Each structure stands twice: as structure tokens, then as C-alpha cells.
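Nothing in this text is a laboratory measurement; each read-out follows from the coordinates by a stated rule. Values in this document were obtained by computation on a predicted structure and should not be read as measured data. We place every Cβ from the backbone using ideal geometry, glycine too, and count neighbours over all the protein chains shown.
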Amino acid sequence: MRKQILFCLLLFQLGSVLAQDPHFSQFFSSPLTLNPAFTGKFYGTYRIAGNYRNQWPSINNAFTTATASADFHLLTNKIPDNDMFGIGFMGYSDNSANGAVKFNYGSVSAAYHKGLDEDGNNSLGAGFQITYANMLINTSNLTFEDQLTSAGFTGVTSEVFNNATLKTSYVDVNAGFLYSGSSNERNNFYFGVSMYHINRPKQSFTGADYVLNPRTTIHGGGYFPLGTNTTLHLSGMQMFYGGASETLLGGALQLTANPELPKPTSLYFGSWVRLNDAIIPYVGLEFDDFRFGLTYDYNSSSLKTASQNRGGIELSLIYIFRPSTDHPVNCPKF
């Protein structure tokens, strides 16, 4: 009973947010949801990334999000050696209210990165993305305030849907810019701006239209050596969506066991902070061509009473097939 009441309070708190975009605490490990200009911006032949987030799992699986993406380089023999052209594909799913509300997305993106020096250590890129979105609401799985009794949600609602499944779909247009630079073989710094919902698509339900506001994200970061075996990674993000905003800042230390190898093994630990909302400890492991990350949001906002300080667990896995013989180009990492 206590969890059901808390769940109602959380839904009331979030009720004014229409079509909340999926977002990740490990924004740096989900490049194609952060900025289309990240497409193809990596050292290697191809990149595969996966992310999973379960927010407030103790409160009826309020929000679960999963993504999978792949991007790779094209025209490598037809463009200058210091340029990169990439194309990417992504699918992701966002479920709310224990699966009663489901969003499914499929995206195609492309980006060109123009080298600003002979070795391509500094570059300026632009990316473009088209997304098809589909939304389903299974009304039979919904519960409403007028159903709440002393025995739980056992009453009969006055809402009439006849157990229908409400559907809507739309096409979304997104774009972004990215600058990436390096002054030596062991550092990198970057800055980017992206905008999603540029075409302001509409969601239509039972005769009512909801227009998606553009989402603008400003982000940046870099990594810098602190010694032979230690590297400091820093990153931050500022997002604006309608009348809401979100700020994430933090960093992690990378401890490398065998830096002399072309593909060393590294351990990461650090923390990010979502201002006025959560503290987000991070641990990661990199070996061969894989990087695994784990975070947990420790809720510190006014919702902590309802959530009992429990936020969301999040997992990320990135695989980049990297040649071990060529001279590496430093690219954004966190």
C-alpha cells in the first residue's frame, strides 16, 4: 500500500512532463542519443554500444530505457586522411508505468568530421539524424486515482477506454556540431551542441495533439594524463527541454595496468552529479576493445522521501574494433 501511494505521488510530480525524452546518467556512453555529430567519431573500424537504465525500480519499474547502436566509417579511401565520415544506426525503447506506456525508436544518422590539421588531431564535425518514433499506451494496464481505496487500486475508474491500445507515431529531425582537439598523444578535449525535435513533431491521441519542444544540449569534456598509469577524465552536460533543464557534471580516474600495450586494461572510478537531483557514483572496466560502465543514481532531491534515496541503476557496454598497428587518433571518450 505504501509503495502504491508513493508511486501516485511520483506520477503526480511527473504528470506535467509530456513525452519526456529518454536520458542517461552515463550520457558519455550513449553517443548517438547525445549528439548526432558523434556518429563515426572514434578511433577504429566500427563501434557497437548498448545502454540499459532502470529508474526507481523499487516503485513498480517507473521508467526503463534500453538502447543499441552501431556506427562505422565510410569512404575512407575517397576522403582526405585527416577527415572522417560516419554513418550510424540506433534502436531504443523507453517504457513507463511498468510497461503500460511504451516508446520505440529507430534512427539513422550521418556525420562528417573535417580535420583542421595534418594528423587530424583537431577536427570540426556536423551530424544529422532522422528518427522514427512509435508510442503505445495499453489502457488495460493503467490505474487511476479514483481506483485507490483502503485496499489498494481495487476500485473501478470512471475513465472509459474499452481496453483499447492507443497508438501514435511521428518522424523526428535532429542535428549537432562537435569540435574535438588534442595537443599530444595522451589528451583530448571536446565541445558540442545538439538539437533534437527540430521539426517539432506532433503526438496525437484521441483527437488531441501534443507538440514536442526542441531539446538543446550543450556538452563538453576531455581527458588529461596525471602520470604514466593515471588519466583524469572530466565531462559535463547542460540540457534544455521546454521549460525544464538538467545539468550533469563529474569525472573519473583511469588507472591503467599495462600502459605499454596497444590495448591496455584500465579501471575507472569516479562520480557525476545531476544538480538538485542525484549523486551518481561510477565504476568502469576497459579491456581489449570493450569498455563496461556501471552507475547508480543516489536521489538527493525533494523526491528522496518517496524514493527512499533510490534512483536508477544504469549499465553501459561499448565495443570498438580498433587496429593495433596504425597510429591512433585521440577521440572523445567521456
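Looking only at residues of the stretch 206-225 that are more than 20 Å from the chain's Cα centre (by Cα) and closer than 23 Å to Ile130 by Cβ, we find that the one that is surrounded by the fewest Cβ atoms within 10 Å (Cβ to Cβ) is Asp209.
Taken as a whole, the structure places Lys41 among residues that are in contact (Cβ under 8 Å) with a residue 40 or more places away in the chain and not in a strand (DSSP E or B).
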